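**Student:** Can you keep this structure in mind? I'll have questions shortly.
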Amino acid sequence: MVPTCLQGLADNPRPRLRWPPSIFLEKRVTRQHLSKPALRRIFLERRAQIPPDIRKISADKACELFFEHIKVPAGAIVAGYWPIRAELDDLPILLELTRLKRRCALPHVAGEEVPLVFRAWHETTPLVPGMYGIQEPAVGASLKPDIILVPMAAFDVKGHRLGYGAGFYDRTLKAIRPLLAIGLAYEEQLCGSLPVEENDVRMDMIITDRNVYRFGDTTL
């Protein structure tokens, strides 16, 4: 059965994209002497340039790859995120999981220096703006996810992730291991090499609109 997120692409599940522009295909950005803030600015600007129609196609392709490579057991909890600022949209994945009777959750920001809390979510769950204005479940008990879908500004071929600078996901992943941490990104967010600090947590897998990258044991 074709996943719901792909039904619109059933006749051509991997459409040819007129994207990215040639400038993105020239030389991979490498860290060289660039700081994390400088790299973050470069890759967030790059992501913002992706046209809305390409973002939609990319989200559906990432959804397809997710279900090709991940078998979510019955009873497992998958935590996603509410997409903002042109992030790769994970809602097609979450909606398909709920259709398959899998449990999903979204993060609640409980404070600036504490791990994220995950509350149950489905498409009818009431949402409210959280501490940073991002939509999150209004109420709900805390859940411990088995899989976390992680947004990012950039990633490299070793599974390192460049976040937004607040450290929420690094703190969270350290606090609630073991679990499967899956980064979601556009292929254009691939960086040749990222600077890595002691508190940075590597992804177990990264799924883009074109590829699946594995960096460790990805069994559940």
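None of the figures in this text is laboratory data; all of them are computed from the coordinates on show. Quick caveat: nothing in here was measured; it's all calculated off a predicted structure. Virtual Cβ from ideal backbone geometry, glycine too; neighbours counted across all protein chains shown.
**Student:** Starting at the first residue of region 134-143, write each ³J(HN,Hα) from the Karplus equation 6.51 cos²θ - 1.76 cosθ + 1.60 with θ = phi - 60°, in whole Hz, x for Gly and Pro.
**Tutor:** 8, 5, 8, x, 5, 9, x, 6, 6, 10
**Student:** Name the long-range amide H neighbours of Q135: under 5 Å, sequence gap of 5 or more, or other chain; modelled H, no Pro or chain starts.
**Tutor:** Correct list: G130.
**Student:** Starting at the first residue of region 39-53, write each ³J(HN,Hα) from the Karplus equation 6.51 cos²θ - 1.76 cosθ + 1.60 with θ = phi - 60°, in whole Hz, x for Gly and Pro.
**Tutor:** Once rounded to whole Hz, the list reads 5, 4, 4, 4, 7, 5, 5, 4, 5, 5, 7, 5, x, x, 5.
**Student:** Take the alpha-carbon centre of region 31-83, take the same for region 183-201, and report the distance between them in whole Å.
**Tutor:** Taking the Cα centre of each part, region 31-83 and region 183-201 sit 11 Å apart.
**Student:** Identify the GluC sites (Glu not before Pro) of region 46-141 meeting these criteria: DSSP loop state and at most 15 other C-beta atoms within 10 Å of the C-beta.
**Tutor:** Qualifying residues, ordered by number: E112, E113, E123.
**Student:** So for region 41-199, Kirkwood radius off the Cα pairs, Stokes-Einstein at 10 °C and 1.306 mPa s: how many µm² s⁻¹? Could you put the intermediate results ahead of the total?
**Tutor:** Values: Rh = 16.2 Å.
Reported coefficient: 98 µm²/s.
**Student:** Hey, another quick one. Excluding same-chain residues fewer than 8 positions from K36, which lysines have a Cα within less than 23 Å of its Cα?
**Tutor:** Reachable lysines: K27, K158, K174.
**Student:** Hey, another quick one. For the pair L127 and R85, how long in nm is the line joining their label points, each one 7 Å along Cα→Cβ?
**Tutor:** About 1.7 nm separates the two model spin labels.
**Student:** I would also like to ask the following. Quick one: if the Förster radius is 25 Å, what FRET efficiency do N211 and A166 give, using the C-beta to C-beta distance and rounding to 0.05?
**Tutor:** It comes to 0.35.
**Student:** A follow-up question, please. Whose amide H sits under 5 Å from the amide H of L180, counting only residues 5 or more places off or on another chain, with H placed in the peptide plane?
**Tutor:** Here I147, I148 satisfy the definition.
**Student:** Could you work out the relative contact order of region 124-220, using alpha carbon pairs under 8 angstrom and six or more residues apart, expressed as a whole percent?
**Tutor:** Relative CO of region 124-220 lands at 27 percent.
**Student:** A further question follows. Can you check what the net charge comes to around D217, using other residues whose Cβ is under 15 Å from the Cβ of D217 (Lys, Arg +1; Asp, Glu -1)? Can you show the working numbers first?
**Tutor:** Values: positive: K71, R177, R202, R214; negative: D146, D204.
The answer is +2.
**Student:** Give, as a single signed number, the net charge of other residues whose beta carbon lies under 13 Å from the beta carbon of G80, with Lys and Arg counted +1 and Asp and Glu -1.
**Tutor:** Value of the local net charge: -4.
**Student:** Below 12 angstrom from the Cβ of F67, what's the summed charge of the other residues (Lys, Arg +1; Asp, Glu -1)?
**Tutor:** 0
**Student:** Quick check: residue separation of R41 and K56 times 0.36 nm, minus the Cα distance between them. What number comes out in nm?
**Tutor:** 3.1 nm
**Student:** Next up: Along region 77-91, what does the Karplus equation 6.51 cos²θ - 1.76 cosθ + 1.60 (θ = phi - 60°) give for ³J(HN,Hα), rounded to whole Hz, x for Gly and Pro?
**Tutor:** 10, 10, 9, x, 8, 8, x, 9, 6, 6, 4, 4, 6, 8, 5
**Student:** Now a separate question. Return V109, V139 ranked ascending by Cβ neighbour count within 10 Å, so the fewest neighbours appear first.
**Tutor:** Taking fewest neighbouring Cβ atoms as first place, the list is V139, V109.
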